[in-house]
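Here's the structure we're looking at; comments come further down.
The values are calculated or read from the model by the stated rules, or taken from the named source; none is laboratory data. Everything numeric in this text was worked out from a predicted model, so none of it was measured. Here Cβ is always computed from backbone atoms with ideal geometry, including for glycine, and neighbour counts include all displayed protein chains. Only protein heavy atoms, including side chains, enter the accessible area calculation; ligands, DNA and RNA are left aside. Shrake-Rupley method; radii C 1.70, N 1.55, O 1.52, S 1.80 Å.
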Amino acid sequence: MGTFGYADPEYVATGGSTTMQTCAYSNIFYGARAPVELDGLPRWIYSTATVTGSCALKERQCRLAYGIGDSVISSFSTRHRHRSRHSVVRLNLEGGELPLEDEQGYQAEVEHRQVRISESLKLYMHQFGFLTCNHNHTSDNDIKDTGMGTALGGGPRWFSPLDCRPSAPPCETKNFYSKPKEPLPLLLYLPGIDGTGIGLLRQHHKICQIFEVWCLHIPLVDRTPFSELVKLVEGTVRSEYKLSPNRPIYLIGESVGGCLALAVAANNPHIDLMLIVANPATSFGRSKLQLLKPLLASMPSQFFHGGDVMSMLKDAVLKIFPQPQVLEDIFEAFHTIISYYSVVTNILSVSTLLWKIEMFMTASAYANSRLHAVKAPTLILSSGKDRLLPSLEEGERLIRVLSNCDIRKFKDNGHFLFLEDGVDLVYTIKGTCFYRRGKILDCGKDYVPPTPSEFRRGVRQYWLFGPATAPVMLSTLENGEIVNGLAGFPCDGPTILVGCHLLAGVELIPLVSSIFEQKNIVVRGMAHPIIFTKPRDARYFDFSVYDPFKVMGAVPVSGLNLFKLLASKSHVLLYPGGMREAFHRKGEFYKLFWPEEPEFVRMAARFGAKIVPFGVVGADDMFELFADYHDLTKIPFIKDAIEAETNIGVKLRTERSGEVANQPAHLPIILPKVPGRLYYLFGKPIETEGRRHELMDKQNAQEMYEHVKSEVERSIAYLKERRDHDPYRYLIPRLLYQSIHGFTAQVPTFEL
């Protein structure tokens, strides 16, 4: 019937193999925990899959392990918190020790016992509430009376999914997720209407690489009130915070679980919590689900599975009652919960569904009454096609009510967001800079590089940009020779890439993507803080368009962040001209607007970083600047809007005056042309290693700064002159070339 014992959540299985392939949910079940007391001390009752081989228990407190039925654990040990002794526990399946020393005999015995133990494992999973019950033959009371569910109290419990246990990362991520120096933050998943806790099933393979994952499982027959669920989660949060006060605790809740996360955060403002709330049930009062309760209470369960009977009932009732619109809403809501999520109707009986709707009502009222007390950073995920709750409207309401909140909208997805195609929770967390391991966000230590799939997802919205512009990448070797490609690009960090912005930063995507694809290097851009901090009153722009840049490593420009990136040996992309160059005025193509002070030279010398000046041209072949800042400010209401957005945004270089002072936040009006071509030239790397004392001198630093600036200008002048000799500078010749050689062929350029 399986094996369980007293254990805390820090359980690591090594060298074992499971025999649960014949069981439902065997691919996700790792262990269930329920709080109990042993010798007057709090413990966790831990239920595991039947495992053969050896298991190592990293113990924080005293543990007692024992077996049920024919399963036996043959050893037991204790230790204090500050000791390092581990114990090895061997598990036997059905009596008689497995022949571990004989591999063939071992495998044969496992296969033989697997058949015999299959039914008991199914019963075990059924009693934990994971298996579907037959509504036509099994009542809730029947389930309550079955053995182990009662023995364990039948209450909510935590479990760690099997594919979230400590293990080697998947092939795609193993080179991108390095072992962190600090413990992973704890993630507590709070389920929605189903209560099973498997709502993150499609996210497990990635999310376990950056979190320690626990999921809350609420058995189908459990009737724990919402207030008691709040206390249960609070108990876990407080105990884990006491054990690890320097790591954040993430609460991810969907639907009613979102209400649970908000309630816990409101009651514990002193604990370092991070909330991710998907389609929260705080909008239940405006949902059609509340109309279902009286209808469900008066009808038998077979109406869940009889579509024709429902249609007949609907027609009959509509003929009797004088308010057809209200009844239409009721039946629409009833049909939604059945047709939209058929799994719910297979898992939940009518009485259980009634209880869940009551839970929605209680949870919504509880959470809404405490929203003012929620101080934790909160990320709202709202679905545009949620047929159970008005989630889009609720997201807009919550972002106005909560003091520290951001939102991401999934307009083509439904209520059960994490189970749908195209939804990548880890990508969303990275894109909102919502991941940290310590008390504060560290752009160096907390950054998780993108996997190839995340990179492709980020550049997908710009997929036409590369073929349309056919970027030319040139680099300079140590001997000064300019070559086609990135052979002269330094692979080792720390490195600072210093260049000039093109209009609207159109050079960024080809630059970052080419270096990532050709050199497998993530370039960390120093960006304006406005893309990281959405003003609460900002109304004219969707800030989620910046998420791909954050996934690729962009950080707010500041001296401290530059220090952290260089300390982590990163490749840093820096534009001293900033927004003034990106949104320049008419007639200012390729003009540098750099401050007079050498802002980055001495920082580079401190870490011995290479400085790579580069130039890029081509924006004038792609866009025409129709209305710049001066033109826009001549229109009164646009001028007022620009001033308002600038005043509520983050300000830079406020102590400076002139062209490099804090720039107004505006978007010039640009008109597209038939696209030309982008040309990049990376100059010869300038070494600063061993020159720290020399470059700490202000005059020497200034000379180095002027040298870097002149190299950027020289690269721009070289590209502007040489592109006139490129026969494929414009789109039509490139299309003709690719029609002959294939559209994936590299289009040649001018001779070097």
Which shape class applies to region 588-636: rounded if a/c is under 1.5, otherwise prolate when a/b exceeds b/c and oblate if not, where a ≥ b ≥ c are the square roots of the Cα gyration tensor eigenvalues?
oblate
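Tally Lys and Arg at +1 and Asp and Glu at -1 over the other residues with C-beta under 12 Å from the C-beta of Thr495: what net charge comes out? Before the final figure, lay out the partial values.
Numbers: positive: Lys519, Arg524, Lys569, Lys610; negative: Asp492, Glu687, Glu689.
Here the count lands on +1.
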Residue by residue through region 383-400, what is 3J(HN,Hα) from phi via Karplus (6.51 cos²θ - 1.76 cosθ + 1.60, θ = phi - 60°)? Round to whole Hz and write x for glycine and proline.
9, x, 10, 6, 8, 9, 9, x, 6, 4, 5, 5, x, 5, 5, 5, 5, 7
From the cross-link list Lys569/Lys610; Lys610/Lys720; Lys610/Lys684; Lys409/Lys439; Lys550/Lys591; Lys445/Lys564, which pairs have alpha carbons spaced over 18 Å apart?
Lys610/Lys720; Lys409/Lys439; Lys550/Lys591
Asp542 paired with Arg460, simple spin-label distance in nm, labels 7 Å along Cα-to-beta-carbon
1.4
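Whole number in Å², please: accessible area per residue of region 348-453, 1.4 Å probe, ligands, DNA and RNA not counted.
Using a 1.4 Å probe on heavy atoms only, each residue of region 348-453 averages 37 Å².
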Using a 1.4 Å probe on the protein chains only, how many percent of the accessible area of region 515-619 belongs to carbon and sulfur?
51
Summed over the other residues with a beta carbon less than 11 angstrom from that of His270, with K and R at +1 and D and E at -1, the charge totals +1
Theoretical gain in end-to-end length, Leu184 to Glu706 [0.36 nm per residue, Cα-Cα removed]
183.5 nm
Between region 579-646 and region 397-439, how far is it from one alpha carbon centroid to the other, in angstrom?
31
What is the sum of charges, Lys and Arg at +1 and Asp and Glu at -1, for the other residues whose Cβ falls under 13 Å from the Cβ of Gln746?
+1
Å² per residue, accessible surface of region 603-643 at 1.4 Å
42
Expressed per residue, the solvent accessible area of region 210-294 in Å² (1.4 Å probe) is about 27
Output ³J(HN,Hα) for region 630-638: one whole-Hz value per residue in order, computed from phi by the Karplus curve 6.51 cos²θ - 1.76 cosθ + 1.60 with θ = phi - 60°, and x for Gly and Pro.
5, 5, 5, 6, 7, 9, x, 6, 5
Leu497's amide H: which non-local residues (gap 5+, or another chain) put their own amide H closer than 5 Å, with H modeled 1.01 Å from N in plane and none for Pro or chain starts?
Val572, Leu573, Leu574, Val612
Check: region 517-633 dipole with +1 on Lys, Arg Cβ and -1 on Asp, Glu Cβ, in debye:
720
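Counting only protein heavy atoms, what percent of the accessible surface of region 376-436 is carbon or sulfur at a 1.4 Å probe?
48
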If I compute solvent accessible area with a 1.4 Å probe over the protein chains, what percent of it on region 182-294 is carbon and sulfur?
58
